[in-house]
Structure formats: C-alpha cells, structure tokens
Amino acid sequence: MAPILRSTSLLALFVCHISLFFCFFVSNLPISSGSEDSYTITGRVRIPASTVIGHAAKFSNIKVILNGGQNVTFLRPDGYFTFHKVPAGTHLIEVYAMGYFFSPVRVDVSARHHGKVQATLTETRRSLTELVLEPLRPEQYYEMREPFNVMAIAKSPMGLMVGFMVVVVFLMPKLMENIDPEEMKSAQEQMRSQGVPSLTSLLPASR
Amino acid sequence: MAIRVFLVLVLFLSSAIVSFSLYEDQAGLADWHQRYIGKVKHAVFHTQKTGRKRVIVSTEENVVASLDLRHGEIFWRHVLGTKDAIDGVGIALGKYVITLSSEGSTLRAWNLPDGQMVWETALHSAHHSKSLLSVPINLKVDKDYPITVFGGGYLHAVSALDGEVLWEKDFTAEGFEVQRVLQPLGSTVIYVLGFVNLSEAVVYQIDSKIGEVVAQKSMVFPGGFSGEISSVSSDKVVVLDSKKSILVTIGFIDGDISFQKTPVSDLVENSGNAEILSPLLSNMLAVKVNKRTIFVKVGGEGKLEVVDSLSDETAMSDSLPVADDQEAFASVHHEGSKIHLMVKLVNELDNVLLRETIQMDQHRGRVHKVFMNNYVRTDRSNGFRALIVMEDHSLLLLQQGAIVWSREEGLASVTDVTTAELPVEKDGVSVAKVEHTLFEWLKGHVLKLKGSLLLASPEDVVAIQELRVKSSGKNKLTRDHNGFRKLILALTRAGKLFALHTGDGRIVWSMLLKSQACERPNGISLYQWQVPHHHAMDKNPSVLVVGRCGSDSSAPGVLSFVDVYTGKEITSSDIGHSVVQVLPLPFTDSTEQRLHLIADTVGHVHLYPKTSEALSIFQREFQNIYWYTVGADDGIIRGHVMKSSCSGETADEYCFTTRELWTVVFPSESEKIISTLTRKPNEVVHTQAKVNTDQDLLYKYVSRNLLFVATVSPKGAGEIGSVTPEESSLVVYLIDTITGRILHRLSHQGCQGPVHAVFSENWVVYHYFNLRAHKYEVTVVEIYDQSRAENKNVWKLILGKHNLTAPITSYSRPEVFTKSQSYFFAQSVKTIAVTSTAKGITSKQLLIGTIGDQILALDKRFVDPRRTLNPSQAEKEEGIIPLTDSLPIIPQSYVTHSHRVEGLKGIVTAPSKLESTTHVFAYGVDLFYTRLAPSKTYDSLTDDFSYALLLITIVALVAAIYITWALSEKKELSEKWR
C-alpha cells in the first residue's frame, strides 16, 4: 500500500459538478484512530426535466445504494448524495427511483491517488468524467391501453366472425348471380339425376 | 387426455413471450399493498396549533416516519439501510426531523412536511459507545441552537440549519465511558458525565459555543457503578452501584461532584436487586424492585424518598411540562381485559389529571411503551393523548377514553408465512348479493366496455374500479372453486399469528403466542399441522406454530396448535427442549396430523404429535429417516440417521438419539458456506420427461434430497469492494442429502456473494456478483438423469426393455449430467422465488425481489441452458429465446407495478386451484399480495372479458336472423305472385 497514506488522514474527494472538473480537498478532520484509510464518494443524481413531473416529490423517494445494501443514502434537495467512510477499492453504486432505470455504476476509489474516483456505467460500459447519474430510461409499469381502433376490432375473433357473415350474406348472392343461368340449370339437373347418393350407387358390384 | 389438451395449450401459449403486464385501471384488482413501519422505538409529537398534527416515529425496522395524528396514516417514511439503526429522533427549528443513526455516526435532517432529506452529516466515530442525541427545544425561532450529538467517543455540536459540524470534542480516552450529556435549559454549559472503569465519575464542563473544556472534576466511587443511570434534572443523575443495591445520587452543580448514597433497602423493605427504569421524570426516579415499580423523589440535596408504588405491569412515559412549571407523566397498567391510563403530576402524585379505562384486545398483550402528548382544550384545560406500543408491536393512539386509531405494526416483522384454505360454503352461509337487476348488470358491463374501448371518462374509470372490486365477490370468507380466496397465515417476530384474506388483505383473525415458561416467546416458524382432506373431513385444518423463549437457539421452545378457521389455539405446550430444526415428515396419522421431528441442540430429536399411533408409524419408518445439518461456522455439512430411543434421566419414548452418517467438510482456508437451499417439499412436478426440439428425450433428475450449497473464499465473504477478483472465488455444489454424495460442483473464479438462489424441479438459479465484469450474474444449472436417457427407443418401450419401472433408490449412485448457462443481471437482489401451480403444468416464472424493493417476474425461458445465439427454426418454434448476455428487465413485468415492498425480506408463492394461477405474497416492512398467471389465464376468461359485447353480438345476430327471415319471406311471397 502507499506509504504516504498511512500518515494522511481522511481524504475527501468532491466531484465539483458546478465547475465541471474534479477538484481535490484534503480535509482537516483529525486522524481517526484505528480505522483504515477511508474516503468519501460524492455524486449527483440528475433526472432530465423533460421526463419528470413533480421534481421535488420524486426526489424524496430516491435511494442510492452502495455495494448491494452495505450503505443506503438519500438525495439532498439539489440531487447530491454522499457516501462516507468508504475504503479504497472497487465499489458498486445503484440508484433506485420509481419510474426510472439507472445503470449500476462501478466506482473505483484509488488509494494511490488520494481517493480519486473513477466511475463507469456497467450497463453501457461508458465511463463518466464526473459522478452525475442519469436514468438510462424511464420505466412504465403499466401496459398502455390501445386507443379505440376499428382495425383492432375487425381483427378480433368477433370482428372476423362478423366479417365472414357479411361476406356470406352480401357477396355470395352476387357470386351466384354471376354464374351462367344455363350452367346453373345443368348443374341442378345433374344433382337431381344423381339423386340421393346411396350405398348401392357407391358399390361398384351392384352396377 | 385433458392434460394433453392442457399441454398443447400451454405450448401454444408459451410460443409468444408472455410478460406479466397490467393496465393501469387493473391495479388493485387482484393485488393489495399494505404499508407498515415496525415497532416504534421513539416518538416525537409535532402538534402546533396551525398545520397538520403529526407524530414522528423511529422504529426497530430502521424506519423514520411521519404519521397523521388524527388517522394514523403515513405522511411519509424512509426505510434506512439494514445496518443503519436509528438511535434517536428529534425535531429541530420546528421544520426538520433530525435522526441519529449507525451508532451515532450519521446525522440526517428531513423536511418535516414532505420527508425530503435536507442534509446529512457523517460524524467522526472511533469506537462503539452509547449514542445520545439532544435537540434543543427552540425558544426563539430565529436563533440556531446547535444540536449536540454524542457517538463513537466524540461529542459534536452540529448546526441544525445545514448540518455543519461546529465543533467536536474527543472523549475517546482509555476506559472512559460517557453516560450522559446534559445541558441546562438556556445555558451555554454542557455537562458530560462519564465513568472511568465504572468506578470513577468524571464530569466535564464544556462551553457550548466553542466546545472547549471549561472545567473537569472527577471523583472515585469505591463501590463501583453498574452502568444503569437516570438523569433526574439537569445537574443530577442517579446511578446504581455495582451490587445493584445502593442508589447513588451524583450532583454536579457548577462542576463540583458530590455523591449521596441511599441503600435501596432504606426505601423498600426486603429489597432484592433494583433496576432503574428508563422514563425520564423531573426530580423523580422510577425504580423496579421486588416486582413493583416505586417512585422515588429526589430532593434538593440528593435526598431520596419513596412517594408511590405501583404494580409491576406498568408502563410509563417521560414527563412532560404542562402549565405553571408543573410536569406530568402518563402510566398505563392492565386489569383483566382493560387498561387504565393515568396522567399524574410529578410533584403531586395524588393529583390525577386524567383517568381513563379502555377495553383492550387480549391478543395485543401488555403495554410496552407509552408516549404522551398534551394539548390545550378550548376551555384552556389540559387534554392528553397517549401513543402506546403493545407487546405485539401494534401502535395505538388513546384519546378521550377511546382508541382513536391503531396500526398492526407486528406485520412489519413477519418471520414465516404459510397459506390455508377457507371453509367450504355451506347452506347457512349467506352469499352476498352481487348483482341487483339486469339493468344494473348491463350498465356495469357497458361501463366496462367503455373502459376497454378507451371511451371512459375519469369518473367512469373510478366507477369501473369500484364495480370490479364489488362484483368479484373476492372478499367473502368462504372457499371459491378457483381457489383465489385463501388465508395467508403470517407469523411475526413478536409471536403473533395473523390470518390475512387474499381478497383485500384484511386481518381475519390474530392470535398472540403464549407460554407458561416465559413472558414473551418469539415466533420462529409455521408448519401445516393438519390438512384434512380424505378422512377426518369434519376437522378444521390447523397449523403448528413454533416459538422460542428468548433469542438464543438453546432457549426452550414453545409449540402452539392453532385452528385455521377460528383462529383459536387448540393446545399449546412448553416443550422442555430447544428447537434447532423442525422436520415435517411425509407421514400423517389417521386424523391427518402430520408427523414432525424437532431436533434440539444436544443432538436428540423429538417426535410430535406425542401419540402412540404416531409412534407406531414412526417406528415403521425408523430406518428411512434421514436429515442433515449445516454448520456454516465450521464449514461442515452432516447427514444424520436415527439411532435409538433416548436413555437417561429424562427418558421419554418420543425422544430419539441420532448418529452421524456422512460429513462433507469444506476446507476452511478456502471455502466458507454462505448459502444453502433445498426444493420446497410440497412442490408438484408434472412430468419428468422433457422433449427436445430434435424429438430427443431428456429425463429430469427430480429428487427431494438435493441440497444446493454455495461457498466463497473467506476473503470474499465480505462486501463488494473489499476483495480483488483474484482473491475470491465462488463454488456451488449439489449434494445428495441421503448419501452425502456431491453430484455436481461448479466453480466461478473472481466471483463473490451474496448468493441468492431458487431451487425448483430439476434446476437451480442463483444470483451472485462477478468481480471481473463488476456486474451481477445469474446462473442456471439443470440436472438430468443419465441412467434413464437410454429409454428413448419406442421399440424398447413396447417390448418392455426399459428401466422406467425399476424402483428408484436414494442409496444408489445416480448418473446425472448437468447443463448450465450464465447471464448478467443489472440489479442487486434481495430474494428470489418461483411461481408454483396446482399441477405444475404451467410454465414457471422467477420472482426476483430487487434491492429497489420491487418484484420482477422473469420467465424461466430466459434462464434456459438451451438458449443459443442463433436458435434453429425448430427451436424458435419451441419458444427458445436467442441468447443475450444479460437478462432483460421489462418494466411491465414488475408484479408490484407502482408499489414498493419496502424492506423486502421474502416472497412466498402458493398454488390456487386454477392451474394457470398462483398466489404471490411478499413481506418485509410492507406486505404485498397479487395473483399471477405465468402463462396468462388460459383456463378461464379474463376479468376484462366483455360479456356485454358478447351479449350485444348475440342480440344483433338474432335480430339479423329475424330481419332476414322476414325479408326473405316477403321476397318469396312476391316471387310467388309473379
């Protein structure tokens, strides 16, 4: 391990969002006796304004979870969150907000670089220059009802039934009309001459 | 034949990807969600004249919540992390709720009206210590008094406005334990009182502005302290000495320490050990001695004087200032089925301000905690309300001699769940009238039609919802032929058994577990004791409730047998032994009582029920009973068999000794057991055969004796982020529990726990963390029987040259082969369950409880080892989904839709009588129930089936027939005239 860090105290890193670059602070807190080197991860959750209704109300129900439940924290009104006393290593941050899907974030807290934080979205493998988490997509928990649609009705079994009936009722007579009357007559004759098909007519021996 | 038709149907239906999905207006139709908070630890009232009256509570489930004082509803609540136990709550500046948690290292402020977190401060902490929070009562709103927090060996002053630490003072000196931090009202001096090695009292006087020690005094007390302490005023505390027989008053006026000893025997005759009770009363002390509560007045010079004495079963609140420098406190005691609430002045105990008697349900047990609040009535007199916490964890508000509201908070800590049938509908049972007239019926259906055609106005939607709930008759207390109405039996940690109706989640009955041996047995587990079906039909079904006197596993157990229909306890017994494991045996006696074995800590097993009939059944199967124990600490799994009857002084013919049959020892330096799992014993498997696409036959290895074990390397047993991928590996085993044979071993390098698994039929699905990819992974393992794989040839089957009828024995070495596949999964998981249906025909869905406290239904076909990148046409037809590297999360397949089951702990599934449908019950801090149809309801019409449309179509058809008939008559007539 880096020998410098043995002597240093709690080193805090803040991702300064407003100025859009990293800045480092060595906090002046006293040395915590007996505890390992621990760092602070600060980040921000931002939900695009276009997809949100009632911004503040939603914020109060967002949870930020470190390492699958090791730490749970909440968002401040400005969307910032902080995990304190995080040891150096590779961590996982997940954001849970109803109505949104956030990718889990792989966060590397470097011991060598005084707790420098590197963040990568694990779903898209996109690395973040700053720890600003945005939803990958909004989530809709309900199926949307299809608006009233004539085609949908027509395609349903009931509609098909009605359609078939319409065909039978209106088109069949038309078809019958198109047949040549002579042909029709001959066909009818033929049918009459054959009479009722009986067993005897089917058996060749009786002929 | 019918089954075959079913199968065809299932295959047909499963060819399309079915996801659980719901329209918004269907929410709440088959599901319900109940919100709880847990057993209240602290309560702070916020009852200003303007605005809504509320009470802020923190609970043992790490919940901080704001409740409506009028109705008991939750305004807002937050469930903190599992390791973030709340130590104190307060209201600062009249607008922020302050919580201190994580042993005094995290201080948070929440906005009082909406619960939005305002600030969060991590406080320095060095070691475990008491954590104390003191939020100053604001006299002037504009002035920001700092919050003083003691925790982790440091005293902090924190600004209530923004959470900034103003100063902190180190008290981590060796052996020094801070006991009290006191600040006289309006003073700038903070007294910190502590003990060094429990023999020396030290008082620090600190300037609250800058945090500097102004003065320090210490004094050795030769007798030593026991650590029990009560502060009676801002400059005086009372402590018990190490023998718990002398009360020591420590006064520290202006930093000068003075001791004043008063033996308890001077106050009460024949006194035993004394105990200082927690309520804070001004200039008064409540001491429990000789099973009575005595009130000791603390005089100006530390003189103690007994002023009152009450029976033991009294709960008290802290004292509260009422008008004219008077302080009052509330006490509640029991008398039969009634409780008496009294509010007395601290200075004049004879002056009872309020005396109320309230009828109380016996099944709530005793009063545990009382929180009192006063208000000024219109006639300027003082009114009081009391919030009480009962033994069953329920929360009640008492006001004006009545229970204003109550909350069943016991349900926030459910430990075990089972389901039970409702009674059969008999002639006497009246059936609720559902539909009144044909017109109303038609109107309802027209409304529904409008809803499904999206023509309904918002009012119509509400009407449809109401109508649906009403018309389904789902809340009746009788069995229905679909098996949708059932009872969910939930056992809580407080030892209370609740029966909830699946229709609307109401409590049908509840019963508090009782024991002669101890005051408050804890609830552990629930078993089906008697499920009458063939004979003994006239008997009511019953469940076995297993409890324990105390939290230690060696504590004596308590058994209770409860009638499911009535909720009455049939019998209960204090069994003399401990309960480590309960094994339901696959045998029942003539009254359908299931035989159970209970293993204790000394290695004996005890047979229940204790009847000679049960004993004779058991003796017959004596050689065939095997079970196993998992020693997670030493990494050994042991298999046991019965040996003989117990001998010795407490010989009882229902007690048996056992011997070890096999052991599986995991090397402790490289593997640590983190998870074990077996199949559900009551699971139904429809078929053993599985037909492949190429008309090949596979035989599932369906054994009830399979144990899934997951181990990780000891380094990887910690949290994510504590190990590198090289240091951690995860190994899973499938072990036969009869012979101890390891049937399968699979190792995942660079992976770690926690492992959440589900075991059903012949497959296991487990969820773990892959450190290399830094993502969660899900792996499926399917086990197939190799020995039967030869039985494919039709001729062999016809000529009888197969081994299908050969008996299966668990002793033989099974030839198995496995198939497995892994996928990424984008979320942490709390628990996994699988749907179960009556006959096991319907395809299965995994129910994944995510860390966001939602439940995701994932079709089993997504975790099928046969998935390939490019499935052939035949495979596609069979419904094999092309392989993807991660499992999809489809928002519409969250069965909890827009709800969260906060603090999710477990998911229970139970089949309904309708093959397509399964009951799902999830519990945690919240409860959630829904009915699922994993392959859609192929065996019944859906709820939104439009009978009206059908009717209209039929009417229209009949009309058309008549019209055309009339027309053709007419036409024929005119034809004949021609």
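Among the residues of region B:228-257, the ones that are assigned to a strand (DSSP E or B), touching a strand residue (DSSP E or B) at 6+ places or on another chain (Cβ under 6 Å) and of a type outside the set (D, E, K, R) come to 14 in all. Considering each residue of region B:825-870, count those that are within 23 Å of the chain's Cα centre (by Cα) and among the basic types (Lys, Arg), and give that number. Summing the residues that are within 23 Å of the chain's Cα centre (by Cα) and among the basic types (Lys, Arg) in region B:825-870 gives 1. Just for region A:160-181: of the residues that are open to solvent by less than 80 Å² (accessible area, probe 1.4 Å) and more than 10 Å from every other protein chain (Cβ to nearest Cβ), which one is farthest from residue B:899 (Cα to Cα)? Out of the qualifying residues, it is A:180. Scanning region B:901-913 for any residue that is within 13 Å of chain A (Cβ to nearest Cβ), surrounded by 21 or more Cβ atoms within 10 Å (Cβ to Cβ), within 19 Å of residue B:21 (Cα to Cα) and not small (Gly, Ala, Ser) turns up at least one such residue.
Looking for something buried (at least 21 other Cβ atoms within 10 Å of the Cβ), part of a loop (DSSP other than H, G, I, E, B) and either of a type in the set (Ser, Thr, Tyr) or more than 14 Å from chain A (Cβ to nearest Cβ) (or both) - is there at least one such residue anywhere in region B:43-57? Scanning region B:43-57 turns up no residue that is buried (at least 21 other Cβ atoms within 10 Å of the Cβ), part of a loop (DSSP other than H, G, I, E, B) and either of a type in the set (Ser, Thr, Tyr) or more than 14 Å from chain A (Cβ to nearest Cβ) (or both). Within the option set B:576, B:547, being closer than 29 Å to residue B:659 by Cα and within 25 Å of the chain's Cα centre (by Cα) holds for one residue only, B:547. Among all positions in region B:930-943, there is no residue which is more than 14 Å from every other protein chain (Cβ to nearest Cβ), assigned to a strand (DSSP E or B) and either in contact with a Pro (Cβ under 6 Å, 6 or more places away or on another chain) or within 26 Å of residue B:80 (Cα to Cα) (or both). For region B:205-240, which positions are in contact with a Gly (Cβ under 9 Å, 6 or more places away or on another chain), surrounded by fewer than 16 Cβ atoms within 10 Å (Cβ to Cβ) and of a type in the set (A, V, I, L, M, F, W, C)? Correct list: B:214, B:215. In contact with a Lys or Arg (Cβ under 6 Å, 6 or more places away or on another chain), free of Cβ contacts under 8 Å to residues at least 40 places away in the same chain and farther than 20 Å from residue B:318 by Cβ: does that describe residue B:381? No; evaluated as a whole, the condition is false for this residue. Criterion applied to A:78, A:108 was being under 16 Å from residue A:43 (Cα atoms) and surrounded by fewer than 16 Cβ atoms within 10 Å (Cβ to Cβ), and the one residue passing it is A:78. Which of (1) open to solvent by 10 Å² or more (accessible area, probe 1.4 Å); (2) closer than 21 Å to residue B:898 by Cβ; (3) within 9 Å of chain B (Cβ to nearest Cβ) does residue A:94 not meet, given it meets every other one? Every condition holds for residue A:94 apart from (1). For beta carbons closer than 6 Å, sequence separation of 6+ or different chains, a first residue in region B:883-900 that is at the interface with chain A (Cβ under 9 Å from one of its Cβ atoms) and a second that is open to solvent by 50 Å² or more (accessible area, probe 1.4 Å), the qualifying pairs are B:891/A:140; B:892/A:143. For the residues B:100, B:67, B:133, the requirement of being open to solvent by 30 Å² or more (accessible area, probe 1.4 Å), in a strand (DSSP E or B) and either on the phi > 0 side of the Ramachandran plot or away from every other protein chain (no Cβ under 13 Å) (or both) singles out B:133.
Elements of the type strands (runs of 3 or more DSSP E) sitting completely within region B:268-338 and holding at least 2 residues that are among the polar types (S, T, N, Q): these cover B:304-311, B:326-335.
A single entry from B:277, B:247, B:285 fulfils the requirement of being of a type in the set (A, V, I, L, M) and open to solvent by 30 Å² or more (accessible area, probe 1.4 Å): B:277. The set of residues in region B:570-587 being buried (at least 20 other Cβ atoms within 10 Å of the Cβ) and more than 17 Å from residue B:522 (Cα to Cα) is empty. Restricted to region B:70-80, and to residues there that are of a type in the set (D, E, K, R) and more than 13 Å from chain A (Cβ to nearest Cβ), the residue that is farthest from the chain's Cα centre (by Cα) is B:70. Counting only strands (runs of 3 or more DSSP E) that fall entirely inside region B:800-880 and contain at least 1 residues that are farther than 29 Å from residue B:735 by Cα, the qualifying elements are B:855-859. Residues in region A:113-128 that are over 20 Å from residue B:775 (Cα atoms) and either touching a residue at least 12 places away in the same chain (Cβ under 8 Å) or among the polar types (S, T, N, Q) (or both): A:114, A:115, A:116. Those residues that are of a type in the set (Val, Ile, Thr) and more than 40 Å from the chain's Cα centre (by Cα), I need them from region B:232-286; list them, please. Matches in region B:232-286: B:246, B:248, B:249, B:250, B:253, B:257, B:262, B:264, B:268.
Quick check, is residue B:739 part of a loop (DSSP other than H, G, I, E, B), touching a helix residue (DSSP H, G or I) at 6+ places or on another chain (Cβ under 6 Å), surrounded by fewer than 20 Cβ atoms within 10 Å (Cβ to Cβ) and in contact (Cβ under 8 Å) with a residue 24 or more places away in the chain? No.
Across region A:137-144, not a single residue is classified as away from chain B (no Cβ under 12 Å) and of a type outside the set (Ser, Thr, Tyr).
Going through (1) touching a Gly at 6+ places or on another chain (Cβ under 8 Å); (2) open to solvent by less than 20 Å² (accessible area, probe 1.4 Å) one by one, residue B:77 falls short only on (2).
Pick from region A:114-128 the residues that are more than 18 Å from the chain's Cα centre (by Cα) and buried (at least 16 other Cβ atoms within 10 Å of the Cβ): which of them is nearest to the other protein chains (Cβ to nearest Cβ)? In this case the residue turns out to be A:120.
Of the residues contained in region B:958-968, none is found to be touching a residue at least 60 places away in the same chain (Cβ under 8 Å), out of contact with any Leu (no Cβ under 9 Å at 6 or more places or on another chain), surrounded by fewer than 16 Cβ atoms within 10 Å (Cβ to Cβ) and within 13 Å of chain A (Cβ to nearest Cβ).
The values are calculated or read from the model by the stated rules, or taken from the named source; none is laboratory data. Model, not experiment: these values are computed from the prediction. We place every Cβ from the backbone using ideal geometry, glycine too, and count neighbours over all the protein chains shown. Just the protein is used for accessible areas: all its heavy atoms, side chains included, with ligands, DNA and RNA removed. Shrake-Rupley method; radii C 1.70, N 1.55, O 1.52, S 1.80 Å.
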